[in-house]
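Please treat every number below as a calculation from the coordinates, not as lab data. These numbers come from a predicted model, not from an experiment. Glycine also receives a Cβ, built like all others from the backbone with ideal geometry; neighbour counts cover every protein chain displayed.
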Amino acid sequence: MAAQIFVVLDDRYVLALIVGELFNAGYEVVPFDDPMFAVRALNVAERVDVLVTGVEFGPGKMRDETLPKIVVRKFPDVKVVLVAPSGFVAPIGVTIPVPGEGATQLLASVARLLASP
């Protein structure tokens with residue numbers, strides 16, 4: 001069974017690129033452009049293995065590390081990969097791919113998290 005990954009980004013272009021890369025790598029991918037919809041889906045999902053998310057979602061939406069903190073606290077089995085600006089310090093339990101490495105580093109981060117206990 002392929003790992004299920006939720007991707008939460010408000011930039012639809014970047015969202016589509018990341019979803020495409022993960023899908024082509026063989027993962028089941030569910031995209032969201034609003035973090036609140038992702039939280040609602042996490043509440044009812046049978047299984048989510050990894051959450052890939054950003055930190056800024058525009059006016060009136062979650063910002064900073066709110067979504068990763070919610071996921072780490074409320075869904076401890078879900079691994080989190082944070083697509084964040086350079087210099088951002090992630091909450092405990094969250095992985096940030098090396099900036100500038102693009103899709104290769106993101107896929108490596110996801111694979112490493114899925115292989116970890």
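Using the Cβ atoms and a cut-off under 12 Å, what net charge is assigned to the surroundings of LEU9, where Lys and Arg are +1 and Asp and Glu are -1? Intermediate results must be reported in sequence, preceding the final value.
Values: positive: ARG12, LYS61; negative: ASP10, ASP11, ASP33, ASP34, GLU56.
Combined, the nearby Lys, Arg, Asp and Glu give -3.
Each other residue within a Cβ distance under 13 Å of VAL19 adds +1 if Lys or Arg and -1 if Asp or Glu, for a net charge of -3.
Sorting the segments 21-31, 40-50 by their residues' average number of neighbouring beta-carbon atoms within 10 angstrom, most packed first, yields 21-31, 40-50.
Where does the charge balance sit around VAL48 when Lys and Arg score +1, Asp and Glu -1, over other residues with C-beta under 12 Å from its C-beta?
-1
So if we plug the beta-carbon distance of ALA41 and SER116 into 1/(1 + (r/R0)^6) with R0 = 22 Å, what FRET efficiency do we get, rounded to 0.05? FRET efficiency, ALA41 to SER116: 0.40.
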